[in-house]
Protein chains: 2
Amino acid sequence: MNLTRGTIAWQLLSELDVREEDLYVNKTQLNAFYQTDLQSLLIQRQGDELEICGAQTEYCVDTTIKMAHGFGYRLEMVPGASSTVDNKFLTLRQTIQYFEEIWEQNFLKFISPDLQSKCNIIN
Amino acid sequence: MNLTRGTIAWQLLSELDVREEDLYVNKTQLNAFYQTDLQSLLIQRQGDELEICGAQTEYCVDTTIKMAHGFGYRLEMVPGASSTVDNKFLTLRQTIQYFEEIWEQNFLKFISPDLQSKCNIIN
């Protein structure tokens, strides 16, 4: 997918509940911490607990989860809160199940959609 | 696999070419940088280029690659230099191919086995 800055694909989905106080980080690599100010924004706001969601499961979401865990953040996620597409090895559903099992065993805690975390990272 | 420190599974494989000057990091999480002194060892030795190999492909190797890339290291790998086992979605070979494609597109450069990097990380 072409996610060049300024293109239509770069825009936020209209279904998102956008708030005045939301912060945005423009990233250029799968890892949302890579050459961005995400880490300093989180330190400023003393966020140590992150709720993760976004796309794509096996690319940006997986990489950002592993980096955030490595930085010491406690991570939470609503099951199914990442999305992807079929690939030559796995269907969309298999990909999500495969990665969610790795994440749950090693990196994050799955939570009910009713719970609210301090910081949400939409990848 | 039970990799408790001090057990037989914790020992180095006898096939490894062990050298006097080798350094070891005892890790407790998939990520070789997580709560270990790997980052400070690399800074001391001014290693900015890492060659990656090890097991398992989709666990320790994948996580350490993503973390090392996020820290700014240049990464190299010999194709096929990670290992794993079949899982319920993918065979061993499919797993390695799937992850190597993600790595090559985003995190590292594949090299010929004859090339020597400055630092090798065996995961």
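The number of residues in region A:35-55 being crowded, with 19+ Cβ neighbours inside 10 Å and within 14 Å of chain B (Cβ to nearest Cβ) comes to 1. Note on region B:1-47: residues that are touching a residue at least 60 places away in the same chain (Cβ under 8 Å) and in a loop (DSSP other than H, G, I, E, B) total 4.
In region B:6-34, the qualifying residues are those that are of a type in the set (Ser, Thr, Tyr) and closer than 20 Å to B:ALA81 by Cβ, and the one that is surrounded by the most Cβ atoms within 10 Å (Cβ to Cβ) is B:TYR24.
Going by the conditions given, is A:VAL85 closer than 28 Å to A:GLN97 by Cβ, among the β-branched types (Val, Ile, Thr) and surrounded by fewer than 21 Cβ atoms within 10 Å (Cβ to Cβ)? It is true that A:VAL85 is closer than 28 Å to A:GLN97 by Cβ, among the β-branched types (Val, Ile, Thr) and surrounded by fewer than 21 Cβ atoms within 10 Å (Cβ to Cβ).
Put simply, of A:LYS66, A:LYS109 the only residue that is more than 10 Å from every other protein chain (Cβ to nearest Cβ) and either crowded, with 20+ Cβ neighbours inside 10 Å or basic (Lys, Arg) (or both) is A:LYS109. Here A:VAL61 fulfils each of the conditions (1) among the β-branched types (Val, Ile, Thr); (2) within 12 Å of another protein chain (Cβ to nearest Cβ); (3) surrounded by fewer than 19 Cβ atoms within 10 Å (Cβ to Cβ) apart from (3).
Which one is farthest from the other protein chains (Cβ to nearest Cβ), of the residues in region B:3-29 that are closer than 21 Å to B:THR63 by Cα and of a type in the set (A, V, I, L, M, F, W, C)?
Filtering region B:3-29 for residues closer than 21 Å to B:THR63 by Cα gives B:3-5, B:9-10, B:12, B:23-29.
Then keep just the ones that are of a type in the set (A, V, I, L, M, F, W, C); that gives B:3, B:9-10, B:12, B:23, B:25.
Working: B:LEU3: 13, B:ALA9: 18, B:TRP10: 19, B:LEU12: 23, B:LEU23: 20, B:VAL25: 14 Å.
My answer is B:LEU12.
Scan region B:69-92 and give yes if some residue there is free of Cβ contacts under 8 Å to residues at least 12 places away in the same chain, within 14 Å of another protein chain (Cβ to nearest Cβ) and among the acidic types (Asp, Glu), otherwise no. Scanning region B:69-92 turns up at least one residue that is free of Cβ contacts under 8 Å to residues at least 12 places away in the same chain, within 14 Å of another protein chain (Cβ to nearest Cβ) and among the acidic types (Asp, Glu). Evaluate the following for B:ILE102: is it under 26 Å from B:LYS27 (Cβ atoms), surrounded by 17 or more Cβ atoms within 10 Å (Cβ to Cβ), modelled with pLDDT under 95 and out of contact with any helix residue (DSSP H, G or I) (no Cβ under 6 Å at 6 or more places or on another chain)? No: the conditions fail for B:ILE102.
The values are calculated or read from the model by the stated rules, or taken from the named source; none is laboratory data. This is a predicted model, so every value here is computed, not measured. Cβ sites come from the backbone with ideal geometry, for glycine too, and all protein chains shown count toward neighbours.
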